[in-house]
Amino acid sequence: MLKDLSLETVLNNLTMGIAILDEERDFVYINDLTTRITGYSLSDITNLEQWFEAAFPDPVERGKIYSDFKGKLANGEHYNRVSEIMTKSGEKKFVEFRVNPIEKDYLLINLVDVSRRIEREKEIKYLSYHDELTDLYNRRYFEEEMERLDDSRLYPISIIIGDLDNLKAVNDNYGHLLGDEYLRKAAQILKELLRSEDVVARIGGDEFAILLSETDKKAAAHICERIKAEFNQYNNADSFPIEFKISLGCATARKKTKKLTDIYNQADKNMYKNKGRR
């Protein structure tokens, strides 16, 4: 029975792309799955260099990958890599390559489309660092950024802690759907007022934290005033049935003399002091 099966039939039914290059690095075989992954057939691409130019249109990226590829093979090593390629149709895909030298100086290339896996990994990573309700960063990311900035040269560094007032009253009297809207609106205000490089996080049920690099005490205080003013705009417009306000506290490390966790704790204390004055 097996002798009735052609080698090409077997290769075209594998769950990975197969391409074979001769000693001149010309393609001598490309199976059907390779064509489905890349869009290119044997009549479209004749040699490896031509394929690299098509798959990696950025010359800088292409040069780095090609140099690494040649270096590994020159040392007799296998070449494994996951890269984003451009297909014949212009679609971008993540492909895992495995290149192995075989007899007569030929090369065997295995290709697997891992786009779904990569996108899922990105999604998992995103969710691990973001709050699902507000789409802000979460406490985990905020704490990691504090640790990273501890050893940076981006001083002065300021931290603002915010506590959304009246959230419990909103949840108790109008339900959690409206409470969620309070949280989402607060997150929107914070994101729109701050710089793209600032870290804005939801760190608890009604608590927010802001990490501001290269921001002194005066600038941080000004940001707090802008935040409160923006919240008041919604109260003036009667957007919510219960007053929409936030208590804020800030603290600043002028130089690398204290851990940012100490600055965080001071900002938290200042927030509760300000909350108690209301």
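The values are calculated or read from the model by the stated rules, or taken from the named source; none is laboratory data. Worth saying up front: this structure is predicted, and the values here are computed from it rather than measured. Neighbour counts run over all protein chains shown; Cβ positions are idealised from the backbone, glycine included.
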Can you tell me which of N235, N270 is in contact (Cβ under 8 Å) with a residue 60 or more places away in the chain and either in a helix (DSSP H, G or I) or touching a helix residue (DSSP H, G or I) at 6+ places or on another chain (Cβ under 6 Å) (or both)? N270
Out of the helices (runs of 4 or more DSSP H) lying entirely within region 1-81, which hold 1 or more residues that are at pLDDT below 90? 7-11, 59-74
I need the full set of residues from region 112-149 which are of a type in the set (D, E, K, R), assigned to a helix (DSSP H, G or I), surrounded by 15 or more Cβ atoms within 10 Å (Cβ to Cβ) and in contact with a helix residue (DSSP H, G or I) (Cβ under 8 Å, 6 or more places away or on another chain), in order please. none
Output the residue which, of all residues in region 160-198 that are outside any helix (DSSP H, G or I) and loosely packed, with under 14 Cβ neighbours inside 10 Å, is farthest from the chain's Cα centre (by Cα). G175
All but one of (1) outside any loop (DSSP other than H, G, I, E, B); (2) modelled with pLDDT of 95 or more; (3) not polar (S, T, N, Q) hold for L108; which doesn't? (2)
Considering each residue of region 16-54, count those that are over 13 Å from V95 (Cβ atoms), in contact (Cβ under 8 Å) with a residue 40 or more places away in the chain, in contact with a Leu (Cβ under 8 Å, 6 or more places away or on another chain) and not aliphatic (A, V, I, L, M), and give that number. 1
Is it fair to say T34 is surrounded by 13 or more Cβ atoms within 10 Å (Cβ to Cβ), in contact with a Gly (Cβ under 7 Å, 6 or more places away or on another chain) and under 19 Å from Y106 (Cα atoms)? yes
